[in-house]
1. Against the conditions (1) more than 30 Å from ASP330 (Cβ to Cβ); (2) out of contact with any His (no Cβ under 7 Å at 6 or more places or on another chain); (3) surrounded by 21 or more Cβ atoms within 10 Å (Cβ to Cβ), where does PHE162 fall short? Just the number, please.
2. Yes or no: region 120-142 includes at least one residue that is in contact (Cβ under 8 Å) with a residue 24 or more places away in the chain, assigned to a loop (DSSP other than H, G, I, E, B) and within 12 Å of GLY314 (Cα to Cα).
3. Looking at (1) more than 17 Å from the chain's Cα centre (by Cα); (2) under 18 Å from SER86 (Cβ atoms); (3) open to solvent by less than 50 Å² (accessible area, probe 1.4 Å), can you tell me which one VAL139 breaks?
4. Could you check region 91-103 and list, in sequence order, the residues that are of a type outside the set (Asp, Glu) and either more than 25 Å from the chain's Cα centre (by Cα) or over 15 Å from ILE178 (Cβ atoms) (or both)?
5. I need a count of the residues in region 351-405 that are in a loop (DSSP other than H, G, I, E, B) and within 21 Å of SER326 (Cα to Cα).
6. Condition test on SER114, is it over 28 Å from SER384 (Cα atoms), in contact with a Gly (Cβ under 8 Å, 6 or more places away or on another chain), crowded, with 24+ Cβ neighbours inside 10 Å and of a type in the set (S, T, N, Q)?
7. Test each condition in (1) open to solvent by 20 Å² or more (accessible area, probe 1.4 Å); (2) outside any loop (DSSP other than H, G, I, E, B) for TYR147 and report the one that comes out false.
8. Could we say that TYR193 is in contact with a Phe, Trp or Tyr (Cβ under 8 Å, 6 or more places away or on another chain), among the hydroxyl-bearing types (Ser, Thr, Tyr) and open to solvent by 40 Å² or more (accessible area, probe 1.4 Å) here?
Amino acid sequence: MSTKGNITFIFLLFASLKAIALGDVDPLGANNTIPTNISIISISREVKLKQGYPLDSLLNFTELTAEYGYPSEEHTVITEDGYILSIFRIEGKNCQGPTRSPPVLIMHDLLMSSDSWLDSGPGSGLAYLISDDCYDLWVGNVRGNYYGKRHQTLDPETDIDFWQFTVYEIGVYDVPAIINYILNQTSSDKINYIGYSQGASTYFIMCSETEGYCDKVSLFIGLEPDSKNTFTKSILWRFIAETFQFLSPHLTEIGIYEALPLGGIFQDTASYVCSDYVMADTFCRDFLNLLDSPHPGSVDTETIRVLAGHFPAGTSVKNMVWYSQSLNVDRFQHFDYGNTANMELYNSTRPPAYNLTATTTPTLVINGLNDYLTVPADVDWLTSHLPNVVEHYIVQDPLWNHLDVPYSNLTSKEILPKITAYLSKYSNETLQT
């Protein structure tokens, strides 16, 4: 299918969502409400395997790591406001026993999950590669994805309050809770933190809005770190984010608060279409190129087949609205509720900016020149506002882009050496039990 045809399909898909939200289409006939998790292909793993889905696309984190001989553990973290998150600890295949200290936490991007660090396989996935260097690696998840859809009192299927979050709540509640949990489990004083895009922006928010948590981190590594998105080049991403902002009031009216969940109509369709090798190498690859930018030879077709089983992983509609807002402002700021509500909440008609100077952790920034989502101009702006950048490293491959971080087959060449060099510098030289 041509790129023009792909764009047409994508626009028709979101136009359909718009029609549903505006009431032009009632997918349930006389029923006025729509479940937050619409599924059009609800079939068992066994049936999907017979239909040609790749096995890895159907496995969860611990199943994936076990398949390739990497021991891993699932841990449960409860945030101060009651969200229940599954995080994982992975051990290198040849690192049984002692590991380097302090522990390392790696956090995923928007609409992703811990599984994103495994989708490109043991030779390329950062969770495999870092654990193979015998670091005590913890892989986080945040509220709203499929590993973070539980709460002590709220039901994500029926309670709107579950979905009233943005990057602010992730930074103020989820990230601190995960850090505390790891420190308690390992009896460590500090961790090293790797944040990819949203995983970086929520770290900055934590440092800005909480006391003392930056002091619990020895080193912060930002991979394509996100803040404001003024210069985002991706037309498709702008369209998606702005569509959610436009539809937000209508989606609320019909009871949709969750955006792009695993098992939803978009992800189910993508996993079905992209399970086919030819479609994965053409249509699905073109979609990723439109979402970010082309990088020929970087992402294997098999990786595309696998990632479609785990992406998109879901978030809140409100969080998508925040991302839309971030496209049209010149600073990294809180959610904009409108002048009246802003005045009541912030005592100002304009949302306050996050305090980036509070990120005092020694910081390594890594980004590529071909990133159309977190573009170099926005990363340069961010880096200029961080007070303790020890190095700003530009990936040597001029085509390195945003989605290459979790999915490229070039990871071990282009970014792993810099990551492990700094982890080694900020870790104990000797292995510890």
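1. (2)
2. From region 120-142, those in contact (Cβ under 8 Å) with a residue 24 or more places away in the chain are 120-142; that's our starting set.
Filter once more, so that each one left must be assigned to a loop (DSSP other than H, G, I, E, B): 120-125, 133-134, 140-142.
Filter once more, keeping what is within 12 Å of GLY314 (Cα to Cα): 141-142.
Yes, region 120-142 contains a residue that is in contact (Cβ under 8 Å) with a residue 24 or more places away in the chain, assigned to a loop (DSSP other than H, G, I, E, B) and within 12 Å of GLY314 (Cα to Cα).
3. Looking at each condition in turn, VAL139 falls short on (1).
4. Pass one, region 91-103, residues of a type outside the set (Asp, Glu): 92-103.
If the condition is that a residue be of a type outside the set (Asp, Glu) and either more than 25 Å from the chain's Cα centre (by Cα) or over 15 Å from ILE178 (Cβ atoms) (or both), then GLY92, LYS93, ASN94, CYS95, GLN96, GLY97, PRO98, THR99, ARG100, SER101 are the ones that fit.
5. Residues of region 351-405 in a loop (DSSP other than H, G, I, E, B): 351-352, 354-355, 359-362, 368-375, 386-388, 395-403.
Subset that is within 21 Å of SER326 (Cα to Cα): 351-352, 354-355, 359, 368-375, 386, 401-403.
Here the count works out to 17.
6. Details: over 28 Å from SER384 (Cα atoms): yes; in contact with a Gly (Cβ under 8 Å, 6 or more places away or on another chain): yes; crowded, with 24+ Cβ neighbours inside 10 Å: yes; of a type in the set (S, T, N, Q): yes.
In short, yes.
7. All conditions are met except number (2).
8. Working: in contact with a Phe, Trp or Tyr (Cβ under 8 Å, 6 or more places away or on another chain): yes; among the hydroxyl-bearing types (Ser, Thr, Tyr): yes; open to solvent by 40 Å² or more (accessible area, probe 1.4 Å): no.
Judged against the criteria, TYR193 is not a match.
The values are calculated or read from the model by the stated rules, or taken from the named source; none is laboratory data. Here the structure is a predicted model, which is why all the values come from computation and not from measurement. Note: ideal-geometry Cβ built from the backbone for every residue, glycine included; neighbour counts use all protein chains shown. Accessible surface is based on the protein model in full, side chains and every heavy atom, while ligands, DNA and RNA are left aside. Shrake-Rupley method; radii C 1.70, N 1.55, O 1.52, S 1.80 Å.
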